[in-house]
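To start, the structure itself, in structure tokens.
The values are calculated or read from the model by the stated rules, or taken from the named source; none is laboratory data. What you see is a predicted model; the values in this text were computed from it and never measured. A quick note on method: Cβ atoms are made from the backbone with ideal geometry, for glycine too, and the neighbour counts reach across all protein chains shown.
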Amino acid sequence: MFISENIQAHNDKTRATHAFHFLHIAEILTQKGIDVQDVIEKIKAFQVAIPSWALGTGGTRFGRFPGGGEPRSLEEKIDDVGLLHQLNRSSDSISLHIPWDIPKDPTAVKSRLQAYGLTIDSVNSNTFQDQSDQALSYKFGSLCHTDAAIRQQAIDHNIACIEHGKALDSKVLTVWLADGSNFPGQQHFRRAWQRTAESLADIYQAMPADWTMLIEYKPYEPHFYSMVIPDWGTSYALCQYVGKNAQVLVDLGHHLPNTNIEQIVARLMHFGRLGGFHFNGSMYGDDDLTTGSIKPYQFFLIFNELVDAMEDPAVKNPPLAWMIDASHNTKDPLEDLLQSVQHILTTYAKALLVDRAVLAIAQQNNDVLAAEELLRDVFATDTRALVAEAARQAGGAGDPIGVYRALGIRKQLIEKRGKKSVATGL
Ligand code: PSV
Ligand code: MN
């Protein structure tokens, strides 16, 4: 679906209101000595990948309540991300999950991507489920398994993911392992780590030199006693074990309550080992809620550390792979994704407004109040008009969800794909 003309028409209709809000914030920032167009250029450049598995309705183990019109194939998933990208101009890539998204015709997939100005972000392996054609079971683990044949099957699957990624010009393999144990004594912690490290090293050997392996951690679920990679320290140690192109992936939802995630990202960037970032929101665990919906201040503090390190020439961290990783159980998945990207961009914009020289002086002088107030003042700044202006300048919609609703896109998708269409994925 191509909707550029509708977007422009909608922007024209709302031009005066937008100008009123934008000029207001632009004036305030200019008075503070901030180059507003420079901030806008940075917002325009910020791109967040959309995972193929977030385009359909998610669920819990109790049920799933889909709204209809879900993408039925990789091609339709690309169409959906193409739609999002036309609306916000900030979702220019899609992450694939293998085997759900194995491309049947890579050349056709590539030209479809090209038509929307999209690329493939990462390929994600799946050793957390058994597939119907699979010889051996992952019930007791995959890369960590006690049985070498099962480890090899999981290694081979990851290598196959790399091959699918190569065919579509991806350069990132993301590994999230569901390996762990449910009861004390079930797993030998040190040996499980060692087997995992050796399996990852085998996969790493098969990876082209210009690829990155992202190693994700998660404290619990699906296992409730121990996870083989529960925290950033374990991911970091595994990255060091396998090689320089292995990087830690931080997923916002994969932390226990009150974890200081901003400090974790600062540490990892200081070590040059933060490679990927999954955005979502969570109340209790994992990736169940919209980014920024529960703890917007903490989200800002995390972005503040990310931007601080990104702007510091002394930090030798590679550019990050940004992705949304969320399950949309209640809202229309496309609306939830648009809303998430808006939260991400408005928060990123805030982090760009922090006067780092003044903050450094306050920190140097141990002026606790001045340092904290500086951050709170920026957090309270309404950056929505900056993001709208960036989208408008880039050819997108100043109000992406407004346009999506005005055009009745979900209704159109249901008419085309049916009320009961089911997306492959989680
Ligand atoms: C499971 O927690 C998970 O959401 C991880 O965050 C992965 O990134 C994702 O699934 C896809 O494998
Ligand atoms: Mn994730």
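Taken over the range 107-141, the criterion of being in a loop (DSSP other than H, G, I, E, B), surrounded by fewer than 19 Cβ atoms within 10 Å (Cβ to Cβ), away from ligand 2 (no atom under 16 Å from the Cβ) and not small (G, A, S) is satisfied by D130, Q131, D133, Q134, L136, K139, F140. Before we move on, is A45 at negative phi, surrounded by 13 or more Cβ atoms within 10 Å (Cβ to Cβ) and among the small types (G, A, S)? It is false that A45 is at negative phi, surrounded by 13 or more Cβ atoms within 10 Å (Cβ to Cβ) and among the small types (G, A, S). Candidates are the residues of the range 333-370 that are of a type in the set (S, T, N, Q) and over 20 Å from M310 (Cα atoms); the one that is surrounded by the most Cβ atoms within 10 Å (Cβ to Cβ) is S340.
On inspection, K104 passes the criterion of being surrounded by fewer than 20 Cβ atoms within 10 Å (Cβ to Cβ), away from ligand 2 (no atom under 16 Å from the Cβ) and assigned to a loop (DSSP other than H, G, I, E, B). Annotation note: of M213, M269, M207, the sole residue that is under 30 Å from L289 (Cα atoms), more than 16 Å from ligand 2 (Cβ to nearest atom) and of a type in the set (A, V, I, L, M) is M269. For the structure I just gave you, tell me whether I150 is in contact with a Gly (Cβ under 8 Å, 6 or more places away or on another chain), part of a strand (DSSP E or B) and at pLDDT 95 or above. It is false that I150 is in contact with a Gly (Cβ under 8 Å, 6 or more places away or on another chain), part of a strand (DSSP E or B) and at pLDDT 95 or above. Considering the range 217-235, and only residues there that are touching a residue at least 24 places away in the same chain (Cβ under 8 Å) and surrounded by 21 or more Cβ atoms within 10 Å (Cβ to Cβ), the residue that is nearest to N182 (Cα to Cα) turns out to be M227. Residues in the range 371-426 that are among the acidic types (D, E) and in contact with a Phe, Trp or Tyr (Cβ under 9 Å, 6 or more places away or on another chain): E389 alone. Between a residue in the range 237-253 that is at pLDDT 95 or above and any residue that is part of a loop (DSSP other than H, G, I, E, B) and within 16 Å of ligand 1 (Cβ to nearest atom), which pairs come within a Cβ distance under 6 Å, given they are 6 or more apart or on different chains? From residues that are at pLDDT 95 or above, the pairs are D251/D325; L252/N280; G253/N280; G253/S282; G253/D286; G253/D287. Residues in the range 282-308 that are in contact with a helix residue (DSSP H, G or I) (Cβ under 8 Å, 6 or more places away or on another chain) and within 16 Å of ligand 1 (Cβ to nearest atom): T290, T291. Filtering the range 266-278 to residues that are closer than 20 Å to L173 by Cα and out of contact with any Phe, Trp or Tyr (no Cβ under 7 Å at 6 or more places or on another chain) leaves M269, G272, L274, G275, G276, H278.
Residues that are surrounded by fewer than 21 Cβ atoms within 10 Å (Cβ to Cβ) and among the acidic types (D, E) within the range 172-199 comprise just one, E198. Name the single residue that is nearest to the chain's Cα centre (by Cα) among those in the range 272-281 being small (G, A, S) and within 14 Å of ligand 1 (Cβ to nearest atom). Checked the range 272-281; the qualifying residue nearest to the chain's Cα centre (by Cα) is G276. Restricting attention to the range 321-359, which residues are within 16 Å of ligand 1 (Cβ to nearest atom) and not small (G, A, S)? Correct list: W322, M323, I324, D325, H328, N329, P333, D336, L337. Just one of I261, I203 is closer than 28 Å to H343 by Cβ, touching a helix residue (DSSP H, G or I) at 6+ places or on another chain (Cβ under 6 Å) and among the aliphatic types (A, V, I, L, M); which is it? The match here is I261. Tallying residues that are closer than 28 Å to K166 by Cα and among the polar types (S, T, N, Q) within the range 193-233 yields 4. Restricting attention to the range 313-333, the residues being in a loop (DSSP other than H, G, I, E, B), closer than 22 Å to G58 by Cβ and not hydrophobic (A, V, I, L, M, F, W, C) number 7. The residue that is nearest to M323 (Cα to Cα), counting only those in the range 285-309 that are away from ligand 2 (no atom under 16 Å from the Cβ) and part of a loop (DSSP other than H, G, I, E, B), is G292.
Being polar (S, T, N, Q), away from ligand 2 (no atom under 14 Å from the Cβ) and under 23 Å from A178 (Cα atoms): is that true of Q240 here? For Q240, the condition - polar (S, T, N, Q), away from ligand 2 (no atom under 14 Å from the Cβ) and under 23 Å from A178 (Cα atoms) - is met. Does the range 79-98 hold any residues that are surrounded by fewer than 24 Cβ atoms within 10 Å (Cβ to Cβ) and either within 13 Å of the chain's Cα centre (by Cα) or of a type in the set (F, W, Y) (or both), and which are they? Once the filter is applied, which keeps residues that are surrounded by fewer than 24 Cβ atoms within 10 Å (Cβ to Cβ) and either within 13 Å of the chain's Cα centre (by Cα) or of a type in the set (F, W, Y) (or both), the range 79-98 yields D92, S93.
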